[in-house]
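Just so it is clear, none of the values below were taken in a lab; they were calculated from the coordinates. From a predicted model like this one, the values you see are computed outputs, not experimental measurements. Note that we place each Cβ from the backbone using ideal geometry, even for glycine, and neighbour counts take in every protein chain shown.
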Amino acid sequence: MLAAGWLLFPALLYTSTPQPAQFSHQAHGEAAGLTCDTCHGFTAEGRFAGIPTTESCAGCHSGLLGETESEKHFFANFVEPGREVNWLIYSRQPDNVRFSHARHVQVGKMECAECHGPHGESESLKAFERNRISGYSRDIWGPRMLRVGLKPGQGMKMDDCMACHRDRQVEAGCLGCHR
Amino acid sequence: MNAETVERAPRRYGMVIDLDRCSGCGACMVACSAENNVPPAHPQATERTGITLLRVVQVKDAASRGVAFIPMMCQQCGDDTPCMTVCPQQAVEVDKLTGVVEQMPQRCLGCRYCMTACPFQARFFNWWDPEWPAGMETTLNPGAAPRMRGVVEKCDFCQSRMHAAEDKAAMEGSREFEYTPACVEACPTRAIVFGDLNDPESDVSRQARNSFRFLERLGTGPKVYYRSRRPWLRTLASRVGAPPKKENGNG
Amino acid sequence: MTGTRRNLLAFGGGAAAAVAFTPIPWKLLDDVSIWTQNWSWIPPVPRGEITVKHSACTMCGAGCGVQAHCVGGQPFGLAPVAGHPLSHGGLCALAYGAHQMPYHARRLRKGLSRGAEVAPDVALAHAVEILRDARDARRVVAVLDERPGRMVSAMYARLLGGLPGSVYLTPPAPERATAGILSGWAGRPAGFDFEKARTILSIGTPLLDGFGAAGALLALWANREDRVRFLHAEPRQSHTAALADRWIAIRPGSEAAFALGLAGVLVRDGLAKAPAPYGAFSLEEAARRTGLRPDTILAVAHELAGRGPALVIGGGDPVSGPLPRDAEQSIAALNVLLGSEAVCPRHPLPFERPATPLLDVPDGTISVLIADAASNGCALPEAVLRRKLANNAQIIRLSAFQTTAARRADVVVPVAAPSEALEEVTAPACNARAAWGLAPPLVERPEGVYTVPEVVARLAEGCQMPAPGSIDEASEAIQALGRGSTFEFGDASIWTDSEDSGQLEFAALPEIRLEEPSLADGFPLTLMPAGWRGAAAAIPLPPLTTKLYQESELRPGAREARVHPATARDLGLARQSRATAETPYGSAAVSLRFDESVPPGVVEVAAHEDDAARVFALCGDTCWRSAPARLRRS
């Protein structure tokens, strides 16, 4: 039963869906010399723009730049027909959560990786593991079932937010992060 | 990064409402509902079970044949906040940074103790799940999550607008910002002044000095102040929080 | 191992104990609690870029400027525009819910042909057919336009130009009444300059609650200090009465007598600046008819004459309709007697066409009626309209909503809802300066749904008539004037004409004949429909206005009737009880509320959205202001 609880349960709890297109953060970052905010920027109102649109990708990829299969796939399926990619977002939070990227990055001077982990160095996009009950990504809970010894950037639950706020003695109140 | 760079001077948001300027048009009530994603009434909703985070009530004085309209919202009690003290779920808190009484629908159990405790009847229970006619959900405010059936909600001085102002200021690396709640912006007669009561120079502080509050004698320290030249309104304010709602007809 | 019952129980117990050491219960608890916070049937909030668009509110004819906060291009909240020449930075309750009108539960996206749903183009073809038959048979065609003065109105007038004997009509609206009569007497357009007035007397007209642009008048009221005095004469203590510096509680139906009494004082005391044209009342007679003390009338008359420019405004109520003709004329005449500088000449818009008041049209003469989609926020009872129609008349309606009137029309052509199409904005008819602007659409209109200019063009085309023009002509015509000023806000703008420096010369005032109130035996009470601007209009109320009438008691809701407690006591009726209101024209069940602001002897019945038809039916088919009534317990 212990074994089932630790091994079988997590496997049953999540469904795994591959991303609709592949993307290498490493290839874009290190190789192409881009930083996070080249693509994941802010609007003038201070709202985080999130994942770039196909149009902004096409700003560089107006034609094929490389020879990888994933680029060809992306080009044929999204750039040419002008379709948006239905990315599955690992860090998507419920509607009642308010997270201000502007306050954390612009004012708090935090690095993206402090919450998102080494996502920016990944070579490929891992499959999106959706919790069958809550509908959110496994990355919110974090990779370890027990939630002990999580490294920074692993886990995006309220506990993780609170822990960081406590460490830095930053008061936010309830409505600072909820809406 | 240390604590000093992150802490900003705590604010104490408050309002002063000039009752001699309120025309009872109701624009604030509709603007408030749109801002806070409050749905249109359920077909069975009544003035008792509907949700009006801000409600304009008409009051009359028999002696002077006077009529006044009183915009009533959560009075943001700062001392011994009645709703906070009774909440078994710790779903109500007074925010240290803004003085706003925070209501967390996510934590709310729906026991409605807070509604009983509130002297101003400014809290509302979601008797039904929020529903919008097909397509109208596209008109929801992205800054406020709709609440579900079975939880209590109330005015929070438009935190959605505060968040937006905060984000905008943050883009310039600043923590200083000002914002205007929806009712203040909507009022065609500019009857409502909003701002930081901790700032003695603010309009709201200056106007609050010559004003009164509803049920001040209860000692709950409301942060919504009222003004009027009519003495009977001051007398009324000391007697009632809000004119009592009608007899409950359906449970 | 042999399986015994004991082994099985031990295994079960061990497993149960072990579950607590696995993540199963804890993780499930967490996931389930998150699941319960995010029910799938509660809509997610929209995501996208936040932008601001500018336009104007088209819920009524006031033309207030709006700023729309949008997410991903879709408006989620409206805000006023500071410095807007028509709205003065204010908006009313209707405007704040206007962005949800395209998704109203009663939105019409299909055409209706005799009540049945048809494709939009089928409905339009049917309308063309009706119009063509009418032309061939030389029958009278009429267009009913609630917002005359637009370029679209001129397009309608051109369409009618090809149909001999046709009439271009407009229903009564409070803003057009007094200014309209004064224009008639002066032989040129006249309007009010509210900024110049020092005393404003409104008679039976909710000046501060649904007259013209709410923002402009409320700003004037709120900042009046001692500069302007607002006086209001009305039987009931309405919102305007509550806000006025002085409320004069006249008897129901005595508006004309009150105005003539004031005129009498002005003439008697040598305060009139024009010759007394008619038998103005003696003070005593006016007091007897209005139920006021003579010194009240005297004081009001002296206040009007003694404080500088004064305005006296009639027009009636957006819900309970215009005042009787004698009252409207007496009110207009008061302005002439006062010689007010606040009554000014007004340049008409270059494309403005004169419209015939609907109530002036002989009964039973119209064979085909085309009803425009625009709303002025005021009620027009179906029975009053039907009275003007010939037997077997046909009604073509342009509508974005499935209203009672739409269901009863022969053809309904679906058109864009507010904020879905480029619309024209003009100043309220009472304003001293004309204004014209374009309200850009905020959202795309549904497929198949037409714009009003498109429908007019197609009707003309179907009857082989020349094209009636387009809205673009209006801006050219205004530019050609080479005067006025333009206020720009975001991507929208509004042009305001310059002041007309001419003088108004009034012809001798006509004799005003007082209409005798009809008395009906056995109906001791007076029934008055009550409501607020928009509550019984040609388009439904924005969904969020339920906050005002259903979820609070700020405004009356359907089926509510208010009586003075004394009236109810005399009739033996209890608070919150059900009763039947009866008039010579019919009866209706109502739910009684006690309200001391209602005068004794009056039953105020709320006319609200679809229920309004039932209430107006109690008032007959000529006037919807009041009717003799009685109340019966039911």
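Below, the figures for the structure above:
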{"read-out": "C-alpha long axis of helix C:255-268 to longest principal axis of chain C, angle in °", "value": "40 degrees"}
{"read-out": "Lysine pair number, Cα distance threshold 25 Å (strictly under), the stretch B:9-239, separation 8 or more or different chains", "value": "5"}
{"read-out": "Cα centroid separation - the stretch B:55-88 against the stretch C:113-146, whole Å", "value": "54 Å"}
{"read-out": "Viscosity 1.306 mPa s, 10 °C: Kirkwood-radius Stokes-Einstein D of the stretch A:41-134 over Cα pairs, µm²/s", "value": "100 µm²/s"}
{"read-out": "When the stretch C:87-220 is reduced to its Cα atoms, the Kirkwood hydrodynamic radius in Å", "value": "18.9 Å"}
{"read-out": "Rounded to whole Hz, the Karplus (6.51, -1.76, 1.60) HN-Hα couplings of the stretch C:232-248, x for glycine and proline", "value": "9, 10, 6, x, 9, 8, 6, 4, 4, 4, 5, 8, 5, 5, 9, 10, 10"}
{"read-out": "Using alpha-carbon coordinates, inclination of helix C:325-338 to the longest axis of chain C, degrees", "value": "70 degrees"}
{"read-out": "Equivalent ellipsoid dimensions for chain B as semi-axes, Å, which come from the Cα gyration tensor, largest first", "value": "27, 25, 19"}
{"read-out": "Nearest 10 degrees, 0 to 90: helix C:174-186 Cα axis against chain C principal axis", "value": "20 degrees"}
{"read-out": "Projected label distance in nm at residue C:511 and residue C:6, using a 7 Å step from Cα toward the beta-carbon", "value": "12.3 nm"}
{"read-out": "Burial order of peptide ranges C:101-114, C:441-454 (average beta-carbon count within 10 Å, highest first)", "value": "C:101-114, C:441-454"}
{"read-out": "Percentage of interatomic Cα-Cα distances in the stretch C:1-68 larger than 16 Å", "value": "75 percent"}
{"read-out": "Distance (nanometres) between label positions extended 7 Å along Cα→Cβ at residue C:19 and residue C:483", "value": "8.8 nm"}
{"read-out": "Average silhouette area of the stretch C:98-157, convex hull of alpha-carbon atoms, in square nanometres", "value": "6.0 nm²"}
{"read-out": "Neighbouring partner chain Cβ atoms per residue of C:73-80, average, 10 Å criterion", "value": "6"}
{"read-out": "Note, ³J(HN,Hα) from phi for the stretch B:150-162, Karplus 6.51, -1.76, 1.60, rounded to Hz, x at Gly and Pro", "value": "x, 10, 9, 9, 6, 5, 10, 6, 6, 4, 4, 6, 5"}
{"read-out": "Gap separating the Cα centres of the stretch C:198-260 and the stretch B:168-245, nearest whole Å", "value": "29 Å"}
{"read-out": "Highest average packing first - A:164-170, C:345-351, Cβ atoms within 10 Å", "value": "C:345-351, A:164-170"}
{"read-out": "Under-5 Å amide H pairs with residue C:395, H placed in peptide plane, nonlocal only", "value": "C:369, C:410, C:411"}
{"read-out": "Amide hydrogen neighbours beyond the local backbone of residue A:128, cut-off 5 Å, H modeled", "value": "A:17, A:19"}
{"read-out": "Cα radius of gyration and Dmax for the stretch C:557-634 (Å)", "value": "11.5, 33"}
{"read-out": "Test item: B:58-69 mean partner chain Cβ contacts at 10 Å", "value": "3"}
{"read-out": "Residue-averaged beta-carbon neighbours from other chains (10 angstrom radius) around C:100-111", "value": "3"}
{"read-out": "As computed over the stretch C:384-467, the Cα convex hull volume per residue (Å³)", "value": "166 Å³"}
{"read-out": "Rh by Kirkwood over Cα pairs, then Stokes-Einstein D for the protein assembly as shown at 1.306 mPa s and 10 °C, µm²/s", "value": "50 µm²/s"}
{"read-out": "For the stretch C:514-551 and the stretch A:79-147, distance of Cα centres in Å", "value": "56 Å"}
{"read-out": "Descending semi-axes in whole angstrom, ellipsoid equivalent of chain C, from the Cα gyration tensor", "value": "48, 33, 27"}
{"read-out": "Residue-by-residue Karplus 3J(HN,Hα) for the stretch B:71-84, coefficients 6.51, -1.76, 1.60, Hz, glycine and proline x", "value": "x, 10, 9, 3, 7, 6, 4, x, 10, 6, 2, x, 5, 5"}
{"read-out": "Low-density loop positions, trypsin sites (Lys or Arg not before Pro), the stretch C:502-558 - DSSP coil, at most 16 other Cβ in 10 Å", "value": "C:513"}
{"read-out": "Cα-based equivalent ellipsoid of the stretch C:38-145: semi-axis lengths in Å, sorted from largest, via gyration tensor", "value": "37, 23, 11"}
{"read-out": "Spacing of the two label points (7 Å from each Cα toward its C-beta) at residue C:521 and residue C:363, in nm", "value": "2.3 nm"}
{"read-out": "Selected from A:49, A:127, A:11 as most flexible by GNM, with chain A as the system and alpha-carbon contacts under 10 Å", "value": "A:11"}
{"read-out": "For chain B: relative contact order, % (alpha-carbon pairs under 8 angstrom, 6 or more apart)", "value": "29 percent"}
{"read-out": "For residue B:15, distant residues with modelled amide H under 5 Å away", "value": "B:224, B:225"}
{"read-out": "The stretch C:239-334: trypsin sites (Lys or Arg not before Pro) in DSSP coil with no more than 16 other Cβ atoms inside 10 Å", "value": "C:273, C:307"}
{"read-out": "Set of lysines with alpha-carbon distance to residue A:151 below 25 Å, sequence-local pairs under 8 removed", "value": "A:109, A:126, C:27"}
